[in-house]
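To keep things clear, I will list the structure first and then write my remarks on it.
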Amino acid sequence: MTLLPDAVLRYAAFDEGIIDLHLPSRPNGGLLFLVHGGFWREQYDRKHTRGLARALAELGYLVATPEYRRVDGAGGWPITAEDVAAAYVALPGLLAGLGRAYNRTVTVGHSAGGHLVLWLASRPLTAPPSRTVALAPVADLNLARGLDLSNGAVNAFLSGTPIADADPMSLLDTPPPGAVVLVHGELDRPVPVELSRSFAAAHPWAELIELAGLDHFEFLEPDGPAWQALVDALD
């Protein structure tokens with residue numbers, strides 16, 4: 001099967017202001033807003049999630065994968081997060097223009113994308129997602145900085161901004177309208193499972209699913225060892 005998107009939508013005028021769209025052949029009514037990771041850095045883009053996006057579309061989901069400005073490019077805090085929010089807000093109108101209907105929205109993010117969908121869940125959105133699924137997320141920025149994940153990725157992302165301004169740990173002090181699920185491999189080395197455990201301990205309304213024997217990148221492998229846990233978390 002082809003991994004190329006079926007359409008590319010534009011939500012903003014800058015180069016990264018685009019959304020890959022993967023269309024289901026048999027729609028199940030769900031829209032997945034899939035945010036890629038890469039520690040917010042320029043060298044990682046939405047293309048590395050195309051295999052996952054295509055597999056999810058084969059299950060019946062309408063899958064939208066936004067690009068956003070990133071560290072070492074024109075991004076970093078708060079631009080990176082604001083781009084993701086702008087893509088999310090623009091998407092319903094873009095899909096209406098294509099005649100694409102859906103009855104529920106689930107945000108899904110991997111790694112730094114998990115941080116971004118958790119942050120998005122803290123925003124006062126007109127149409128909040130029915131569910132937020134964070135896969136191996138950078139869910140606790142203070143802990144991530146203390147562990148010096150990816151050689152100072154948090155400091156590079158924030159560039160002097162106080163952590164509390166960007167951290168779901170403090171921003172999600174009350175439950176959002178939709179459910180929040182974190183899924184994390186117990187053997188994750190790039191983003192240790194302790195970050196999700198810390199978030200879940202501080203937010204008991206969030207569900208944490210730990211996967212024994214799994215590391216960080218299995219979530220990007222369709223039909224891999226984390227596939228069924230991901231599919232189950234979507235519903």
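The values are calculated or read from the model by the stated rules, or taken from the named source; none is laboratory data. What you see is a predicted model, and the numbers here were worked out from it, not measured in a lab. A quick note on method: Cβ atoms are made from the backbone with ideal geometry, for glycine too, and the neighbour counts reach across all protein chains shown. To get the accessible areas, we keep the full protein, side chains included, count just its heavy atoms, and leave off ligands, DNA and RNA. Shrake-Rupley method; radii C 1.70, N 1.55, O 1.52, S 1.80 Å.
Below, the figures for the structure above:
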| read-out | value |
| --- | --- |
| Some residue of region 162-172 being open to solvent by 10 Å² or more (accessible area, probe 1.4 Å), in contact with a His (Cβ under 9 Å, 6 or more places away or on another chain), within 22 Å of A85 (Cβ to Cβ) and not in a loop (DSSP other than H, G, I, E, B) | yes |
| Residues of region 42-68 classified as of a type in the set (D, E, K, R) and closer than 22 Å to S150 by Cβ, total | 5 |
| Region 33-43, residues that are surrounded by 18 or more Cβ atoms within 10 Å (Cβ to Cβ) and not charged (D, E, K, R) | F33, L34, V35, H36, G37, G38, F39, W40 |
| Residues that are open to solvent by less than 10 Å² (accessible area, probe 1.4 Å) and among the charged types (D, E, K, R), drawn from region 79-134 | D83 |
| Residue count for region 54-78, restricted to those that are surrounded by fewer than 22 Cβ atoms within 10 Å (Cβ to Cβ), within 21 Å of V138 (Cβ to Cβ) and touching a strand residue (DSSP E or B) at 6+ places or on another chain (Cβ under 7 Å) | 1 |
| Among the candidates A139, A202, residue that is within 19 Å of the chain's Cα centre (by Cα) and of a type in the set (A, V, I, L, M) | A139 |
| Top-ranked residue in region 185-209 [being touching a residue at least 24 places away in the same chain (Cβ under 8 Å) and open to solvent by 70 Å² or more (accessible area, probe 1.4 Å); ranked as nearest to E58 (Cα to Cα)] | E207 |
| One residue from V133, V106 being outside any loop (DSSP other than H, G, I, E, B) and over 30 Å from N155 (Cβ atoms) | V106 |
